[in-house]
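Heads up: the structure comes next, in structure tokens.
Bear in mind that the values in this text are calculations on the coordinates, not laboratory data. Quantities reported herein were computed from a predicted structural model and do not represent experimental measurements. We place every Cβ from the backbone using ideal geometry, glycine too, and count neighbours over all the protein chains shown.
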Amino acid sequence: MRVVVVGGGIAGLWTSLSFRKVEVILVAPRDPSRANTFWAQGGIAAALDPHDSPLVHYEDTLKAGAHFNDKRAAMVLVHYGPMVVNKLIQMGFRFNPRPHLEGGHSFPRVWNTGDETGRRLMEFLEEKVEGRVERVEAYVRELLTEGGRVVGVRLEDGREVEADAVVLATGGYAALWRRTSNPSGSVGYGILMAARAGAYLTDLEFVQFHPTVSLTDPPVLLTEALRGAGARLVDEEGRDIINPLLPRDVVARAIHNHRRRYGPVYLDLSKVPMERFPVARRLYERYGERIPVSPAAHYSIGGVRTDVWGRTNLRGLWAVGECSATGAHGANRLASNSLLEALVFGYRVAIDIENDVSEWPTFGFMDERVIDYVEGDENLDLVRDTLEEVAGVEREERSLREGIERLEGIGGLGNLARAILEAALWREESRGVHYRKDHPEASEAFAGRLGVRFNTIR
Ligand SMILES: Cc1cc2nc3c(=O)[nH]c(=O)nc-3n(C[C@H](O)[C@H](O)[C@H](O)COP(=O)(O)OP(=O)(O)OC[C@H]3O[C@@H](n4cnc5c(N)ncnc54)[C@H](O)[C@@H]3O)c2cc1C
């Protein structure tokens, strides 16, 4: 049996390492800094301490997710958490002895190596993969299908690689926004490929915005822990604009509105012990103690709909990591649950494929949208400006409709952007990270998920 894993972040590397019996080909560009994983600062959440419990982690996950979580997926996430993190440790990965406490967690359970956890993880996993897994350094352009089943991938240079199973681990789509904490390639190309082949997407409207990304070149994410350690959010005159310890989405909206109405917002680092934060310290040394910040698209909760084994609705196709939508995060992701999600579900995908499954899930949605797939040219600049303008931390019907009109006829990633806007338009309520100015409350009428697919079935 031959499995093709697409993507070289934590999800792709870890899944590749989790197979025991099958031939694995890992297809991804080599440069680790193109993966979101490389930039992860906080760490991996898991209830390892005997005084902690996966059930408490579960409750924290549901609370953060506004109880919109797929309960089964969230339960799997927290219960497999200690096992996969222990596996990493047994393989030789060294975390700091004490986990961090992060916003939304009721126990210190974020395992880390300081504020460069992602970089260390990438180095470690890359080394482990070396010699164990065949690597093809390339981008995948298209999924190959036969009678509705995924049977391989087509690379950028036109070469085809056949497979009995394809695992998509291509990351999220937050770099479709102009302001983002993600590397520029995190535009959801893998998600688009899957949808083009007939996969269902869901939760596309749920994009987490990080409140404090520096307005420097390049932009740098200034971790929440800085605010925990005394950083303030101030205006031009040094006056506080909001309590910096309020929840992420509340702070993000306050900064957004202050910038729109009154002017710049700064993260004031004068009271922070900078020796604890090497990433932020580099900025501090260059720009001084007041760093201009704004919210930026950070994490895509939506993606290719999967069950708790990573199976999509397409036979032969699994998805894992940020490109997938297991539903575990609900309407807002709890900090440090996404590296964990890649580890837990990557491990389960490998088990599932090696068990040679014959059952395939069908997904029920509250409602469905079929998006006309346009083959035309892609205009990524227009896509980024449009999403930034109409689908940021606050949305409303009028501007969402304008955005959809503006992107009419735009091919490639324009299709994914239209799907995101359609999803945001459909959800006439505010829930988790999705805030509609024209519908500021949650509504029972939208207590379920929207399924999105493209009309491309060939
Ligand atoms: C600044 C920052 C800080 C973060 N901090 C944390 C944290 O502390 N804790 C936490 O849990 N999460 C954190 N996150 C989120 C977390 O890093 C990501 O959700 C996670 O790393 C996603 O892993 P992934 O493997 O799914 O995707 P990625 O790491 O993005 O990897 C995707 C891979 O797929 C490749 N790829 C894409 N398209 C193709 C294609 N068509 N063909 C071949 N290859 C392709 C890419 O090149 C890349 O190698 C952070 C994110 C950012 C940006």
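Any chance you could run the full-extension gain for Glu59 through Asn455? It's 0.36 nm times the residue separation minus the Cα-Cα distance, nm to one decimal.
Details: separation 396, 0.36 × 396 = 142.56 nm, distance 3.84 nm.
Roughly 138.7 nm would be gained on extension.
Output the relative contact order of region 210-296, whole-number percent, from Cα pairs under 8 angstrom with separation of 6+ residues. Display every interim value, and only then the final one.
Numbers: 144 pairs, mean separation 33.6, N = 87.
Computed over region 210-296, the figure is 39 percent.
Pull up the DSSP beta bridges for the chain and report the antiparallel fraction as a percent, rounded to 5. Intermediate values should be presented prior to the final figure.
Working: 34 of 59 bridges.
Among the beta bridges of the chain, antiparallel pairing accounts for roughly 60 percent.
If I model a spin label as a point 7 Å beyond the Cα along the Cα-Cβ vector, how far apart are those points for Phe363 and Glu389 in nm?
3.1
222 nm [θ] for the chain, helices only, -39500 (n - 2.57) per DSSP H run of 4+, per residue, to 500?
Values: 13 runs with 147 residues, N = 458.
Value at 222 nm, helices only, nearest 500: -10000 deg cm²/dmol.
Glu378's amide H: which non-local residues (gap 5+, or another chain) put their own amide H closer than 5 Å, with H modeled 1.01 Å from N in plane and none for Pro or chain starts?
Gly411
Which of the peptides 111-124, 90-103, 298-311 is most tightly packed, and how do the rest follow, judged by the mean count of other Cβ atoms within 10 Å per residue? Write down the numbers at each step before the final one.
Working: 111-124: 20.1, 90-103: 14.4, 298-311: 25.9.
Per-residue mean Cβ counts within 10 Å order the peptides as 298-311, 111-124, 90-103.
Using 1/(1 + (r/R0)^6) with R0 = 35 angstrom and r between the beta carbons of Ala447 and Glu236, what's the FRET efficiency to the nearest 0.05? All intermediate terms of the calculation are to be shown ahead of the outcome.
Numbers: r = 42 Å, r/R0 = 1.21.
Working from the Cβ atoms, E equals 0.25.
Which loop-located GluC sites (Glu not before Pro) does region 152-208 contain, where loop means any DSSP state but H, G, I, E or B and the Cβ has at most 13 other Cβ atoms within 10 Å? All intermediate terms of the calculation are to be shown ahead of the outcome.
Details: sites: Glu156, Glu160, Glu162, Glu205; in loops: Glu156, Glu205.
Answer in residue order: Glu156.
If Rh is defined by the Kirkwood formula over all Cα pairs and Rg also comes from Cα, what ratio Rg/Rh do you get for the chain?
Numbers: Rg = 20.9 Å, Rh = 22.1 Å.
Ratio value, two decimals: 0.95.
Relative contact order for region 220-375 using alpha-carbon pairs under 8 Å, separation at least 6, rounded to a whole percent? Before the final figure, lay out each step's value.
Numbers: 178 pairs, mean separation 24.6, N = 156.
Rounded, it is 16 percent for region 220-375.
Got the relative contact order for the chain handy, in percent, Cα pairs under 8 Å and 6 or more residues apart?
Details: 1068 pairs, mean separation 95.4, N = 458.
That works out to 21 percent.
What three numbers, in Å, describe the spread of the alpha carbons of region 106-149 along their principal axes, ordered from the longest?
Principal axes ranked by extent give 49, 32, 18 Å for the Cα atoms.
Charges on Cβ only, +1 for Lys and Arg, -1 for Asp and Glu, centred on the Cα centroid of region 210-296; of Thr216, Pro295, Val265, which one is farthest towards the dipole's positive end?
Of Thr216, Pro295, Val265, it is Pro295.
Remind me, what semi-axes does region 210-296 give for its equivalent ellipsoid, largest first in whole Å, using sqrt of 5 times each Cα gyration tensor eigenvalue?
On the way: eigenvalues 68, 36, 30 Å².
Equivalent ellipsoid semi-axes, largest first: 18, 13, 12 Å.
At Lys271 and Asp438, where each label point lies 7 Å from the Cα along Cα→Cβ, what is the point-to-point distance in nanometres?
4.1
If we sort 400-406, 450-456 on the protection proxy, mean other Cβ atoms within 10 Å, highest first, what's the order? The partial results should precede the final answer.
On the way: 400-406: 17.4, 450-456: 20.3.
Top of the packing list down: 450-456, 400-406.
Report the full-extension gain for the segment Met1 to Tyr262: residue separation times 0.36 nm, less the Cα-Cα distance, to one decimal in nm.
Details: separation 261, 0.36 × 261 = 93.96 nm, distance 6.06 nm.
Here the answer is 87.9 nm.
What is the extension gain from Tyr139 to Thr216, computed as 0.36 nm multiplied by their sequence separation minus the C-alpha to C-alpha distance, in nm to one decimal?
Values: separation 77, 0.36 × 77 = 27.72 nm, distance 2.95 nm.
24.8 nm is the gain from fully extending Tyr139 to Thr216.
Among the helices of the chain (complete DSSP H runs), which have Cα atoms covering no less than 24 Å along the helix axis and a Kyte-Doolittle mean of at least -0.5? Numbers along the way, then the final one.
Details: long enough: 71-90 (29 Å, 0.53); 337-354 (25 Å, 0.79).
Answer set is 71-90, 337-354.
May I ask for the equivalent-ellipsoid semi-axes of region 371-458, computed as the square root of five times each C-alpha gyration tensor eigenvalue and listed largest first in whole Å? Each step should come with its number before you reach the end.
On the way: eigenvalues 114, 50, 15 Å².
With the √(5λ) rule applied to region 371-458, the semi-axes are 24, 16, 9 Å.
Note down the magnitude of the dipole of the chain about its Cα centre, charges +1 on Lys and Arg C-beta and -1 on Asp and Glu C-beta and zero elsewhere, to the nearest 20 debye. Walk me through the numbers on the way to the answer.
On the way: 57 positive and 65 negative charges, 169 e Å.
Dipole size: approximately 820 debye.
Just need log10 I(q)/I(0) for region 144-235 at q = 0.18, 0.19, 0.20, 0.25 Å⁻¹, Debye formula, equal scatterers on the alpha-carbon atoms, no solvent, rounded to two decimals.
Scattering profile of region 144-235, log10 relative to I(0): -0.91, -0.97, -1.03, -1.32.
Could you pull out every residue, at least 5 positions away or on a different chain, whose amide H is within less than 5 Å of the one on Gly152? Hs are placed 1.01 Å off N in the peptide plane, and Pro or chain starts have none.
Leu144, Ala163
Mind checking the dipole of region 214-291: about its Cα centre, +1 per Lys or Arg Cβ, -1 per Asp or Glu Cβ, Debye to the nearest 20? It would help to have the intermediate numbers written out before the result.
Working: 14 positive and 11 negative charges, 32 e Å.
Here region 214-291 has a charge dipole of around 160 debye.
If you look at just the Cα atoms of region 66-169, how large are its Rg and its Dmax in Å?
So, for region 66-169, Rg and Dmax equal 18.8, 51 Å respectively.
Provide the packing ranking of 4-13, 173-182, i.e. peptides ordered by the mean count of other C-beta atoms within 10 Å per residue, highest first. Before the final figure, lay out the partial values.
Values: 4-13: 29.6, 173-182: 25.0.
Ranked by mean Cβ neighbours within 10 Å, highest first: 4-13, 173-182.
Using a 7 Å offset from the Cα along the Cα-to-Cβ direction at both Arg94 and Asn355, what is the distance between the two label points in nm, to one decimal?
Label-label distance for Arg94 and Asn355, simple model: 3.7 nm.
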